[in-house]
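Heads up: the structure comes next, in structure tokens.
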Amino acid sequence: MRAVLLSLFAALPALADPPSWDSDARILLEGVKAIGAPGSPGTVSVWGAAAFPVVVDGAPGEARFPVVAAARIGRGRVVLFAHDGYANPAELEKADTGALMLNAVRWAGTRKALKVGVVGAGLAGFLEGKGIEVVRIEPGKLAAAFGGLDAVCLFGLDPAAAALDELDRFLARGGGLLAGVTGWGWSQIHGGADVRTNALNRLLAPAGIAWTGDFARKSGDGFAAGDVPGAASHGGLAIDALEASAEGNSPLPPAELTRAAAVAVAAVRALPADASDLRARLARLARERGDRLVPTEKTPLRPADALDRFLLVALAEDAKLQPPDKVPALAAAAAFPGAVPRDARAVERDLAMDATVPGWHSTGLYAAPGQPVTLTLPEAAAAARLSIRIGAHTDSLFHLDDWPRAPEVSCDFPVAAATVTVASPFGGLLYLVFPDDCKLGTFSVHVSGAVEAPYFLLGKTTLDSWKRLRTAPGPWAELASSKVILTVPSSCIRDLDDPKSLMEFWDRVLDAAADLGQIPKERRRPERYCADVEISAGYMHSGYPIMTHLDAAPRMASLAAMQKGDWGLFHELGHNHQSGDWTFDGTGEVTCNLWSLYLSETLCGLTPEQAHEALKDRDKKVREYVKAGADFAEWKSDPFLALTMYVQLKEAFGWEPFKEAFAAYRALKPSERPLTDAQKRDQWLIRISRATKKNLGAFFEAWGVPTSEEARESLKKLPRWMPADFPAKR
């Protein structure tokens, strides 16, 4: 079966016609109105003529992606679930999940008297309870277990090569397969590997069905079912509709075409490399669209640009599947992350690496779009779970309405040999990435084929050498220390004369953040900030790296600007230092601002009112809040109102009680940590009261923050405290 790529669209119905899979889907959905959703399910993409969606996520009016899908594969049949937890007994009891599982086994097995092989005791017991003959299979003995079976159930299992070959033959002679994989989770477990490389995906993708790396959107606690999913959830039909739209013949109205484009994007990201006929069709269509496939900040691709959005993704996916010497430079790369000057000279460098520091290691080099770059490492690196990254811009934009750049512009490549050649259609800064437990120590890596990028490392790069480095041709630059790394457009640093003073200030920012959080100032890895033309959520967001919009880049790279304070940059750093132990419901956007306040005060000399406009009228807001009854729901919905409670504690007692409380939390044993929201509020009351040596129970009550009588009673020996000017409740 794998040797023959099925015709992807030859037998697909028109979108206006009833789906050709209608009768099969109705059998699978008999008695099924809704199913559960274990954990965070992924999605399945279908694009083949004999593949079809069974249950989809989302709601009417949205693009809807399969979470359960099925296919006929020659004489065989498969049903895929987008989470391996669907085989757990507790999940089978939720809604009509068990009914769907039973229908799927009977449909895949095709006979009334079934004999089903099952890996895993939970599902085996469920099927036995329904009168089905079950053969329990040990995972390591799967290859020898297919004889005499009508169907097999594999959930959360990566079959070995021998078992995969037997499964292939089993399906060819009419066997059935039920399988569950959480695509995004599989990718994480396998070091960010493309889910297309999953063993079962490699087996099934030629039939036009595969798990994706995306997340499903639940409807409440699960997914609505019962109705046969519409053709717009079928990637192949969606692609056909988009192609027809280029000729003005789309069978779908504009709103539905927009939704179909999202499904088509998911399908093309799941297509195997050898889907050559379809890829050739899409490449021809893309060439005809030309500059329309180059989004910019001024001319983003919007939902109405359904065909162009799809084609841009199709081009990028096809490029990533090419051998390094065949990867093209996409036109969109010139707009973002940017073009390398034509006269830029590729260089060779020997770089020292310290693998004891986990995460991204900057090389000071830039991979030009479509340009192969070769790295030579020690032999031991091939088995050390290293990866090579091209591009600092990791945020995905697929879910956003507007795309001012291609939705995915960075690439990861696993290191599976001592010499690795990589290339990206978009280009980007070049990194080596080390896992947390890397045992390679320090070593040298030889890099050839990349161009130089502006790179300043505090304590190593001299100001004299910086004068040359800041003119390097790479369009993105990095300013680094052992504590923080800033990734900004090179245009921001071309005139930067003194990166040393700037990065010394940034080191003080990181040291102060560590001081408040009571963590070591010497970090296991540097924090990272990265500017982007668009990010996945908000104006900035925390993470690794902390992401900002481009307008923050000049501030990050300016000592004068940073000395004036930057609430947003400090806020996101605060998120990276937050602990769930003392961040209860309503304070996710509050306790991070303790870092904004602390850094603004200690490094920039700012009062709360100077640090953020929203704190200027805080006393008036408190009076109005208390007068209205001090409703905790309102407190939770207004981050700056809630922050004022913390400001009052700081103004009365200083920062030391916060540091003492945070240190106490860090010293807790696992059994002592709060689990529920109520426990978090109680512990925060108790620990901050002990740190201030005051009974703050009445203070919490006045603010409307609920705590238990037991927690308040435990503080009765401490003197009661309230701010002298706190307004009284009516």
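The values are calculated or read from the model by the stated rules, or taken from the named source; none is laboratory data. None of these values were measured; they are calculated from a predicted model. We place every Cβ from the backbone using ideal geometry, glycine too, and count neighbours over all the protein chains shown. Accessible surface is based on the protein model in full, side chains and every heavy atom, while ligands, DNA and RNA are left aside. Shrake-Rupley method; radii C 1.70, N 1.55, O 1.52, S 1.80 Å.
Could you say whether any residue in the range 482-502 is open to solvent by 20 Å² or more (accessible area, probe 1.4 Å), touching an Asp or Glu at 6+ places or on another chain (Cβ under 9 Å) and of a type in the set (A, V, I, L, M, F, W, C)? Among the residues of the range 482-502, not one is open to solvent by 20 Å² or more (accessible area, probe 1.4 Å), touching an Asp or Glu at 6+ places or on another chain (Cβ under 9 Å) and of a type in the set (A, V, I, L, M, F, W, C), which makes the answer no. If you filter the range 443-460 down to residues that are outside any strand (DSSP E or B) and open to solvent by 30 Å² or more (accessible area, probe 1.4 Å), you find that the one that is farthest from Ser501 (Cα to Cα) is Lys460. Those helices (runs of 4 or more DSSP H) of the range 529-581 in which 2 or more residues are touching a residue at least 60 places away in the same chain (Cβ under 8 Å) and either closer than 21 Å to Phe662 by Cβ or open to solvent by 10 Å² or more (accessible area, probe 1.4 Å) (or both) occupy 567-577. Residue count for the range 636-682, restricted to those that are surrounded by 13 or more Cβ atoms within 10 Å (Cβ to Cβ) and polar (S, T, N, Q): 3.
Name the residue that is nearest to Lys320 (Cα to Cα), counting only residues in the range 202-221 that are surrounded by fewer than 23 Cβ atoms within 10 Å (Cβ to Cβ) and in contact with a helix residue (DSSP H, G or I) (Cβ under 8 Å, 6 or more places away or on another chain). Among residues in the range 202-221 that are surrounded by fewer than 23 Cβ atoms within 10 Å (Cβ to Cβ) and in contact with a helix residue (DSSP H, G or I) (Cβ under 8 Å, 6 or more places away or on another chain), the one nearest to Lys320 (Cα to Cα) is Arg202. Kindly indicate which of Asp277, Asp318, Asp240, Asp305 is without any contact (Cβ under 8 Å) to a residue 24 or more places away in the chain and either within 29 Å of Arg77 (Cα to Cα) or surrounded by 18 or more Cβ atoms within 10 Å (Cβ to Cβ) (or both). Just a single option satisfies the conditions, and that option is Asp305. Condition first: part of a loop (DSSP other than H, G, I, E, B), surrounded by fewer than 20 Cβ atoms within 10 Å (Cβ to Cβ) and of a type in the set (Ser, Thr, Tyr). Can you find one or more residues in the range 171-191 that meet it? Scanning the range 171-191 turns up no residue that is part of a loop (DSSP other than H, G, I, E, B), surrounded by fewer than 20 Cβ atoms within 10 Å (Cβ to Cβ) and of a type in the set (Ser, Thr, Tyr). Scanning the range 512-528 for residues that are under 22 Å from His361 (Cα atoms), touching a residue at least 40 places away in the same chain (Cβ under 8 Å) and open to solvent by 10 Å² or more (accessible area, probe 1.4 Å) yields Glu522, Arg523, Arg524, Arg525, Pro526, Glu527. In the set (1) open to solvent by less than 50 Å² (accessible area, probe 1.4 Å); (2) out of contact with any strand residue (DSSP E or B) (no Cβ under 9 Å at 6 or more places or on another chain); (3) in a helix (DSSP H, G or I); (4) not hydroxyl-bearing (Ser, Thr, Tyr), Arg623 fails one condition alone, (1).
Residues of the range 638-679 that are among the basic types (Lys, Arg), under 33 Å from the mean Cα position of the chain (by Cα) and within 22 Å of Ala513 (Cβ to Cβ): Lys659, Arg666. Number of residues in the range 636-677 that are of a type outside the set (S, T, N, Q), assigned to a helix (DSSP H, G or I) and closer than 19 Å to Val590 by Cβ equals 21.
The set of residues in the range 602-618 being in a helix (DSSP H, G or I) and surrounded by fewer than 14 Cβ atoms within 10 Å (Cβ to Cβ) consists of Glu609, Glu613. Taking Ala199 as the residue in question, decide whether it is surrounded by fewer than 23 Cβ atoms within 10 Å (Cβ to Cβ), of a type in the set (A, V, I, L, M) and over 23 Å from Arg77 (Cβ atoms). So Ala199 does not fit the description; no. Is one or more of the residues making up the range 144-166 in contact (Cβ under 8 Å) with a residue 40 or more places away in the chain, of a type in the set (A, V, I, L, M), within 30 Å of Thr197 (Cβ to Cβ) and assigned to a helix (DSSP H, G or I)? Looking through the range 144-166, none of the residues is in contact (Cβ under 8 Å) with a residue 40 or more places away in the chain, of a type in the set (A, V, I, L, M), within 30 Å of Thr197 (Cβ to Cβ) and assigned to a helix (DSSP H, G or I). Taking first residues from the range 596-618 that are over 15 Å from Met562 (Cβ atoms) and partners that are open to solvent by 60 Å² or more (accessible area, probe 1.4 Å) and not in a helix (DSSP H, G or I), the Cβ contacts under 7 Å between residues at least 6 apart in sequence or on separate chains come to Glu609/Lys616. Please verify whether Gly428 is open to solvent by 10 Å² or more (accessible area, probe 1.4 Å) and over 22 Å from Trp184 (Cα atoms), treating the condition exactly as stated. No: the conditions fail for Gly428. Return the residue satisfying two criteria in turn: it lies in the range 280-300 and is surrounded by 20 or more Cβ atoms within 10 Å (Cβ to Cβ) and free of Cβ contacts under 8 Å to residues at least 60 places away in the same chain, and of such residues it is nearest to Ala210 (Cα to Cα). Filtering the range 280-300 for residues that are surrounded by 20 or more Cβ atoms within 10 Å (Cβ to Cβ) and free of Cβ contacts under 8 Å to residues at least 60 places away in the same chain, the one nearest to Ala210 (Cα to Cα) comes out as Leu282. Note on the range 186-213: residues that are under 28 Å from Asp436 (Cβ atoms) and touching a Gly at 6+ places or on another chain (Cβ under 6 Å) amount to 5.
Could you list, in sequence order, the residues of the range 321-331 that are crowded, with 21+ Cβ neighbours inside 10 Å and either under 19 Å from Asp194 (Cα atoms) or at pLDDT below 90 (or both)? Once the filter is applied, which keeps residues that are crowded, with 21+ Cβ neighbours inside 10 Å and either under 19 Å from Asp194 (Cα atoms) or at pLDDT below 90 (or both), the range 321-331 yields only Val327.
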